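S.K.: Before I ask anything, let me first share the structure, which is written out below as structure tokens.
The values are calculated or read from the model by the stated rules, or taken from the named source; none is laboratory data. Bear in mind the structure is a predicted one, so any value in this text is a computation, not a measurement. As a convention, Cβ positions derive from the backbone with ideal geometry for all residues, glycine included, and neighbour counts pool all protein chains shown.
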Amino acid sequence: MRMILLGAPGAGKGTQANLICEKYNIPHLSTGDIFRMNISTCTPLGVQAKKYIDKGQLVPDDLTIQVVEDRLVREDCKDGFLLDGFPRTVFQAEELAKFLQSINNTLDVVLLIDVPTGFILERNIGRRICSSCGSSYHIKFNPPEELGICDFCSGKLIQRNDDNEETVKERLNVYTTQTHPLIDYYKTNHFLSTVDGRDDILTVSKNIFLILDN
Ligand code: ADP
Ligand code: AMP
């Protein structure tokens, strides 16, 4: 299965991506995770990306598209993948379509996790991620078993640099102006499935699996 998860920042893409990728045994390609990994290891890509990410802005298309194309040609993506956080602009979506066509692939599923903007601030500000494996928690909606410690790898939980009120508001602006138009793009160029992202994590995943199993 080759799929894209769309949704506002904090809609639950990363959380659901982990559950989907485990069930369908496909790699999880999160551009945000790739950038954060590069930032933590101080690569040239990380140094570039950090300038934009810390301000809540998008990393330029050319850098981002290259990252994704380099990842998609790897062996583990041969039979499927889940893209989380990419595309984020119509240009990225057009480039992805061209790239997939060039390697004789197409998308099977484009799925929107739909949450009203009123949910976004609390979801992002309460988020904690594992500094080691990247797993995402929420202080209220999805707390770890032990405070500050990752359930999966015992790594230390931290708050993302861009999960503060000012930056989340900017990320929401960026989403509205640059990423939201993808909903119409995929409605026109593909079939777009939608789940209600206001429900709790397990209900959302149950509804996603109903769509994917059909
Ligand atoms: P995204 O990848 O779309 O930015 P995440 O999956 O990281 O979003 O989720 C953002 C925050 O909201 C995290 O703290 C996560 O634990 C929490 N969260 C995810 N899905 C839900 C949900 N359905 N209900 C409540 N909180 C959720
Ligand atoms: P995320 O982890 O998906 O919330 O992404 C965190 C940040 O990484 C975003 O706010 C952007 O600055 C950057 N980023 C992630 N994916 C993309 C993308 N497809 N295009 C541009 N910037 C991106």
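S.K.: Only one of these conditions is not met by ASP108: (1) surrounded by fewer than 19 Cβ atoms within 10 Å (Cβ to Cβ); (2) in contact (Cβ under 8 Å) with a residue 60 or more places away in the chain; (3) closer than 18 Å to PRO181 by Cα. Which number is it?
M.R.: (3)
S.K.: Given the conditions (1) away from ligand 1 (no atom under 16 Å from the Cβ); (2) assigned to a helix (DSSP H, G or I); (3) hydrophobic (A, V, I, L, M, F, W, C), which single one is not true for CYS42?
M.R.: The number of the failed condition is (2).
S.K.: When the residues of the stretch 56-106 are filtered to those that are of a type in the set (Phe, Trp, Tyr) and part of a helix (DSSP H, G or I), which remaining residue is modelled with the highest pLDDT? Steps first, please.
M.R.: Initially, the stretch 56-106 is screened for residues of a type in the set (Phe, Trp, Tyr), giving 81, 86, 91, 99.
Subset that is part of a helix (DSSP H, G or I): 91, 99.
Values: PHE91: 98, PHE99: 95.
Among them, the one singled out is PHE91.
S.K.: Just one of the numbered conditions (1) away from ligand 1 (no atom under 13 Å from the Cβ); (2) under 24 Å from LEU112 (Cβ atoms); (3) basic (Lys, Arg) is not true of LYS50; which one?
M.R.: LYS50 satisfies every listed condition except (2).
S.K.: Next up: Return the residues of the stretch 1-14 that are more than 12 Å from ligand 2 (Cβ to nearest atom) and within 10 Å of the chain's Cα centre (by Cα); say none if nothing qualifies.
M.R.: Step one: of the stretch 1-14, the residues more than 12 Å from ligand 2 (Cβ to nearest atom) are 1-3.
Within the stretch 1-14, none qualify.
S.K.: Related question: Going by what's in this entry, would ASP79 be described as charged (D, E, K, R) and touching a strand residue (DSSP E or B) at 6+ places or on another chain (Cβ under 6 Å)?
M.R.: Values: charged (D, E, K, R): yes; touching a strand residue (DSSP E or B) at 6+ places or on another chain (Cβ under 6 Å): no.
So ASP79 fails the test.
S.K.: Restricting attention to the stretch 136-184, report how many residues are in a loop (DSSP other than H, G, I, E, B) and not polar (S, T, N, Q).
M.R.: Looking only at the stretch 136-184, we keep the residues that are in a loop (DSSP other than H, G, I, E, B), and these are 139-141, 143-145, 147-148, 150-155, 159-164, 180.
Going one step further and asking which of them are not polar (S, T, N, Q), we end up with 139-141, 143-145, 147-148, 150-153, 155, 160, 162-163, 180.
Looking only at that region, the number is 17.
S.K.: Among the residues that make up the stretch 36-51, is at least one of them touching a residue at least 24 places away in the same chain (Cβ under 8 Å), of a type outside the set (Phe, Trp, Tyr), in contact with a Leu (Cβ under 9 Å, 6 or more places away or on another chain) and surrounded by 19 or more Cβ atoms within 10 Å (Cβ to Cβ)?
M.R.: no
S.K.: I've got another one for you. For the stretch 124-135, how many residues meet the condition of being in a helix (DSSP H, G or I) and within 14 Å of the chain's Cα centre (by Cα)? Step through it out loud before you land on a result.
M.R.: Filtering the stretch 124-135 for residues in a helix (DSSP H, G or I) gives 124-125.
Filter again for within 14 Å of the chain's Cα centre (by Cα), leaving 124.
So the answer is 1.
S.K.: Name the residues in the stretch 19-35 that are crowded, with 17+ Cβ neighbours inside 10 Å and either within 8 Å of ligand 1 (Cβ to nearest atom) or aromatic (Phe, Trp, Tyr) (or both), would you?
M.R.: If the condition is that a residue be crowded, with 17+ Cβ neighbours inside 10 Å and either within 8 Å of ligand 1 (Cβ to nearest atom) or aromatic (Phe, Trp, Tyr) (or both), then SER30, GLY32, PHE35 are the ones that fit.
S.K.: Do any residues in the stretch 192-214 that are without any contact (Cβ under 8 Å) to a residue 24 or more places away in the chain have Cβ atoms under 6 Å from those of residues that are assigned to a strand (DSSP E or B), where the two are at least six apart or on different chains, and which pairs are they?
M.R.: Pairs that qualify, where the first residue is without any contact (Cβ under 8 Å) to a residue 24 or more places away in the chain and the partner is assigned to a strand (DSSP E or B), are ASN207/VAL195.
S.K.: Next question, about the same structure. Does LYS140 satisfy the condition of being within 13 Å of ligand 1 (Cβ to nearest atom), over 18 Å from the mean Cα position of the chain (by Cα) and surrounded by fewer than 14 Cβ atoms within 10 Å (Cβ to Cβ)?
M.R.: Values: within 13 Å of ligand 1 (Cβ to nearest atom): yes; over 18 Å from the mean Cα position of the chain (by Cα): yes; surrounded by fewer than 14 Cβ atoms within 10 Å (Cβ to Cβ): yes.
It is true that LYS140 is within 13 Å of ligand 1 (Cβ to nearest atom), over 18 Å from the mean Cα position of the chain (by Cα) and surrounded by fewer than 14 Cβ atoms within 10 Å (Cβ to Cβ).
S.K.: I would also like to ask the following. Could you check the stretch 1-39 and list, in sequence order, the residues that are in a strand (DSSP E or B) and of a type in the set (S, T, N, Q)?
M.R.: Here is the first cut: in the stretch 1-39, the ones in a strand (DSSP E or B) are 2-6, 28-30.
Within the stretch 1-39, just SER30 meets the criteria.
S.K.: A further question on this structure: Is there any pair with a first residue in the stretch 131-156 that is at negative phi and within 16 Å of ligand 2 (Cβ to nearest atom) and a second that is assigned to a loop (DSSP other than H, G, I, E, B) and of a type in the set (A, V, I, L, M, F, W, C) whose Cβ atoms are under 7 Å apart and which are 6 or more apart or on different chains, and what are they?
M.R.: Taking only residues 6 or more apart or on different chains, the pairs are CYS133/CYS150; CYS133/PHE152; CYS133/CYS153; SER135/CYS150; SER135/PHE152.
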